[in-house]
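Visitor: Here it is, the structure in full.
Where a number appears in this text, it was derived from the coordinates with a stated rule and is not lab data. Since this is a predicted model, take the numbers as computed values, not measurements. A quick note on method: Cβ atoms are made from the backbone with ideal geometry, for glycine too, and the neighbour counts reach across all protein chains shown.
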């Protein structure tokens, strides 16, 4: 690396040299920011795949921790590893504390809504009415995570559990320090004493490293079970919402959108039953095969079709007429001619009542999905017919629910008073640019992988030189490298998490606040596992000694306070935000007092 980058030690210790050092820092910081953004953008693209639950809880936090882990890693390499490691521990502590304070407070500020007379956030408001009025309503507003309190609580518990390796290595360090001059007499350590401390602390560092790896693997396995285990409600709901969103907003036909989801379900569960409402069973695989569907397939199909069915069940009788069925097909981007529609209606209306029950509708749509070519698009076929590329031209039933509403045929859909948490499809991946959803998914995954790999490469490339720059800044200013790493490094490496959580919160729904909190707690868990594992590996492999008692106490203190807030207060107001925000400078003060007045290392 030395031949590729300017060594900060070679810069003159003059005003001009200081200016050059600042320029180096700004250049490296900007390049690191670009790398972090590439990783963030790649992870966001992965959220558009059918496995967004696993991506959001595992892949995104791991990728987000790469910059912090890289700074920790490179700070512990080289001839002056013991002293430069202060940059790494500063980055680790600063990142962990910042993630559960500054973006947490900003999320409360951005996501707050008016409180009712009971002090509960009012998310249910009439359509078109703002949830926060007036915008300057600072003290009678707040947020809640009631819709996903169990999720946030579980993540907070994981955060505390994964902090235990700090205590393990700290206990070992305190025992070694007590035997070698006392706990409060470790400010000036010579080489011989450092070697003795490293040797005596080594077993505790190894145990803590193993525990950290255990927690890391356990967390990933837990999230995997949540996504693919017996209780897959959350994943299925997100898949259902994503499928409905794809049909409603991306212009993809129902068949093309639903097949990947149903295929994933068929791989997860054995075919033990078929969907049947006193009628023959119909496989979803198409081609007239005898493959049976699974209960999860049937449940997913029902959940996907329910919003389309209910929207046009105007009289709430639980049945659809032929004209209503036409609008359902049109809303699903499966436009039908009058002749085709009547034929399908008669086929689906098994009891010949002239109305379709929900069971008849689901069974009919199941046959429709099974029989249709997955790469066939009704929308494209309709375009070809209009342009004269198809011979048959027949009148098409009303295609737009908005038009139908204006014509007085159907009312406007009822608002559920809470915005759906749906991912917007980037223009470059718009459905009309691809022949099938499979092709679209391949393009998304390819782009996501490219961005993540490129971003990781940039971060790994420039983490080492910026660590040297920060170390040199500390030497020239006389400021401890820890404080520089604590304040400066997180601003570079965690900007994407801060922006993402604030953006989620701006949706001003309870669900979006759950997502924001879950993301921040997940990032803290990654710091407690992924980044700390790198740190402990350096301590053990490089024969370094642990002299970070004050820093550990500040990290654990911040995480305990945040856990207390999560478990104690169901409604978070700006007063809560101020309290959380104050933890950031308070932890710096704690470290300063413990090191300079108490005498801790």
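Visitor: I need the peptides 63-69, 549-555, 41-47 ranked by packing, meaning the mean over residues of other C-beta atoms within 10 angstrom, with the highest value on top.
Guide: Taking the mean over residues of other Cβ atoms within 10 Å, the ranking is 63-69, 549-555, 41-47.
Visitor: Quick one: if you stick a label point 7 Å off each Cα along the C-beta vector at residue 299 and residue 430, how many nm between them?
Guide: 3.7
Visitor: Same structure, new question: Given R₀ = 25 Å, what would the calculated FRET efficiency be for residue 578 paired with residue 171, taking r from the Cβ atoms and rounding to 0.05?
Guide: Efficiency, from the Cβ-Cβ distance: 0.15.
Visitor: Could you compute the FRET efficiency for residue 118 and residue 195, with r as their C-beta to C-beta distance and R0 at 41 Å, rounded to 0.05?
Guide: Once rounded, the FRET efficiency stands at 0.05.
Visitor: Treat each spin label as a single point 7 Å out from the Cα along the C-beta direction, and report the residue 210 to residue 23 distance in nm.
Guide: Between residue 210 and residue 23, the label points sit 5.2 nm apart.
Visitor: Starting with the highest mean, order 497-503, 192-198 by the number of other Cβ atoms within 10 Å, averaged over the residues of each peptide.
Guide: The peptides rank, most packed first, as 497-503, 192-198.
Visitor: Test of understanding: what is the full-extension gain from residue 460 to residue 138, defined as 0.36 nm times their sequence separation minus their Cα-Cα distance?
Guide: Extra length from residue 460 to residue 138 when fully extended: 111.7 nm.
Visitor: If I model a spin label at residue 178 and residue 9 as a point 7 Å from the Cα along the Cα→Cβ vector, what separation in nanometres do I get?
Guide: 3.9
Visitor: Hey, another quick one. Viscosity 0.692 mPa s, temperature 37 °C: what is the translational diffusion coefficient of region 471-550 from Stokes-Einstein with a Kirkwood Rh over Cα pairs, rounded to a whole number of µm²/s?
Guide: Value of D from the Cα-based Kirkwood radius: 215 µm²/s.
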